[in-house]
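Student: I am attaching a structure below and will ask some questions about it afterwards.
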Amino acid sequence: MQRFEGLYSYDSPDNIQPAVVTVTNKRIEIHLKDARVVYWYWYNVVKGNGPDLHHAGLPLQTLKVADAAFAAIAAKQLSKKYRSYVVPFLAGLGIVIAGLLLAAYFWLIPFLAGRAAQSLPVEYETEMGESAYKAMIGDFKVNEAKTALVNRFFGALHIPSAYPVKITVVEERQLNAFAVPGGRIVVFTGLLEQMQRPEELAALLAHEFSHVELRHTTRALLQSLGTYMMVSLVFGDLSGISAVVVENANTLQHLEYSRSLEREADLNGLALLEARHINGEGYIWLFRTLQKDGAAAHSEWLSSHPDLGNRIRYVEERLRGASADTVPAGLQEIWTELKK
C-alpha cells in the first residue's frame with residue numbers, strides 16, 4: 001500500500017492539518033496526527049482545483065496531495081467512476097425528460113427523502129431492508145454465538161417496535177455498527193471488544209434502533225442514491241427502488257447522517273434507556289471508548305458519526321441531575337457471558 005503526505009481540511013479551508021494518506025482500489029484513508037482515520041470511498045470523491053480532491057456533500061472536506069503518483073492513481077480511479085455513470089445516465093434520460101417539471105425541485109432532495117421515508121409502508125420498508133441485508137451480509141463472517149447473545153440483550157431491553165428488530169454480530173476488527181432499513185442492525189466484533197460496560201452496548205443498540213425506528217436509515221439511503229430514487233417514488237415504482245437499494249446494499253455500512261439526525265437518535269436512545277432505568281452515561285462511556293487512541297485508529301463508526309465531543313456535551317447536559325441507575329441483573333448476566 002502506497003503512502004503519501006498530504007493536507008486535509010474539514011468544514012473550513014482554514015482548518016488544515018497534515019495527514020498521511022494511503023489508497024486502495026476501494027477508498028482513500030486519511031490518517032490524522034490525533035490517531036483518527038477518515039475514510040473516503042472513491043464513489044464519494046470529486047475532483048477540485050489543481051491537486052485538490054473533495055468529499056461529496058457537507059461539511060466541506062478537502063484533501064491536497066502534491067505527488068504525481070497520487071494524482072495518477074486518483075485520475076485512474078475517478079475515470080472508472082465517471083465511466084460507470086454513462087450507462088445509467090443514458091438509461092435514465094427518458095425519465096429525466098418526463099420529469100422536467102420536478103427537476104427544478106431536486107435541490108430539495110434531503111427534504112423529499114425525509115418525506116418519502118415517512119410515506120413508505122412499514123411492510124415494504126422491512127422487505128426492502130431484508131433484501132438489502134441478504135445482498136450485503138455475504139461479505140461478512142457471522143459470529144453466531146455473539147449474535148444470539150446480543151439479540152438476547154436487546155430483547156431484555158423490552159423496546160416495542162413495529163419493525164422486526166434483528167441484530168447480527170460479524171467478525172470484523174473495525175469498530176463499527178450500522179442499521180439497515182426495516183429493523184436489521186449489524187455490529188462488528190471489534191466494537192464489542194472495546195466496550196467495558198453493558199451500558200455502552202445498551203446505548204449503541206438504542207442509538208442504532210432509533211435510526212431504524214425514526215426512519216433515519218431509510219431517509220439517508222434514499223438521499224444518498226439521489227434523484228433516481230426520487231423519480232421512482234414520484235411515479236410509484238417501488239420495485240425500482242428495491243432494485244436500486246439491493247444493488248447498492250454495501251453503502252449501508254457507510255451511510256452518513258446529518259448532525260440533527262444524530263442528535264435525534266442520541267436523545268431518543270437516551271430516553272429509551274432512562275425509561276428502563278439504565279444509566280444514560282452509557283452513551284458517554286461509549287463515545288469515550290471510541291475517542292481512545294487505540295480505538296480511534298480503526299473506528300469506522302467514528303468516521304461516519306463525527307463530533308463526539310459535542311455529543312458528549314449535550315448528553316451530559318440532558319443527564320444533569322439524573323440518578324445513576326444500576327444495570328438490571330438480566331442484562332448484566334448476558335453481558336458477562338458475552339465478554340467471556
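The values are calculated or read from the model by the stated rules, or taken from the named source; none is laboratory data. All values reported here derive from a predicted model rather than from experimental measurement. No Cβ is skipped: glycine too gets one built from the backbone with ideal geometry, and neighbour counts run over all protein chains shown. For the accessible areas, the whole protein counts, side chains as well, though only heavy atoms, and no ligand, DNA or RNA atoms are used. Shrake-Rupley method; radii C 1.70, N 1.55, O 1.52, S 1.80 Å.
Student: Step through the residues of the range 213-221 one at a time and calculate ³J(HN,Hα) from phi using the Karplus curve (6.51 cos²θ - 1.76 cosθ + 1.60, θ = phi - 60°), rounding each to whole Hz and writing x for Gly and Pro.
Tutor: Result, rounded to whole Hz: 4, 8, 6, 5, 5, 4, 4, 5, 5.
Student: Under the Karplus relation 6.51 cos²θ - 1.76 cosθ + 1.60, θ = phi - 60°, what is the ordered set of whole-Hz ³J(HN,Hα) values for the range 122-134, x standing for Gly and Pro?
Tutor: Per residue, the Karplus-derived 3J(HN,Hα) values read 4, 4, 5, 4, 5, 5, 4, x, 5, 5, 5, 4, 5 Hz.
Student: Something else about it: Multiplying the sequence separation of LEU214 and LYS26 by 0.36 nm and subtracting their Cα-Cα distance, what value in nm do you get?
Tutor: 64.6 nm
Student: Please give the Cα centre distance for the range 259-277 versus the range 202-217, rounded to the nearest Å.
Tutor: 8
Student: On to the next question. Pairs to check: LYS64/LYS146; LYS26/LYS64; LYS64/LYS141; LYS292/LYS339; LYS76/LYS292; LYS64/LYS292. Give those whose C-alpha atoms are more than 30 Å from each other in this structure.
Tutor: Beyond 30 Å: LYS64/LYS146; LYS64/LYS141; LYS76/LYS292.
Student: Roughly what would the spin-label model give for THR336 and GLU171, points 7 Å off Cα along C-beta, in nm?
Tutor: 2.8
Student: Let me ask another. Just to confirm, what accessible area per residue do you get for the range 2-82 at 1.4 Å probe, in whole Å²?
Tutor: 52
Student: Pop a pseudo-label 7 angstrom from the Cα along the beta-carbon direction at both GLU256 and TYR43 and give the gap in nm to one decimal.
Tutor: Between GLU256 and TYR43, the simple spin-label model gives 1.5 nm.
Student: What is the calculated FRET efficiency for ALA271 to ALA69, with r their C-beta to C-beta distance and R₀ = 41 Å, to the nearest 0.05?
Tutor: Between ALA271 and ALA69 the formula returns 0.20.
Student: What order, most packed first, do the peptides 204-217, 120-133 have when packing is the mean number of other Cβ atoms within 10 Å of each residue?
Tutor: 204-217, 120-133
Student: Between TYR124 and GLU193, with labels modelled 7 Å along Cα→Cβ, what's the label distance in nm to one decimal, could you check?
Tutor: Label-label distance for TYR124 and GLU193, simple model: 4.2 nm.
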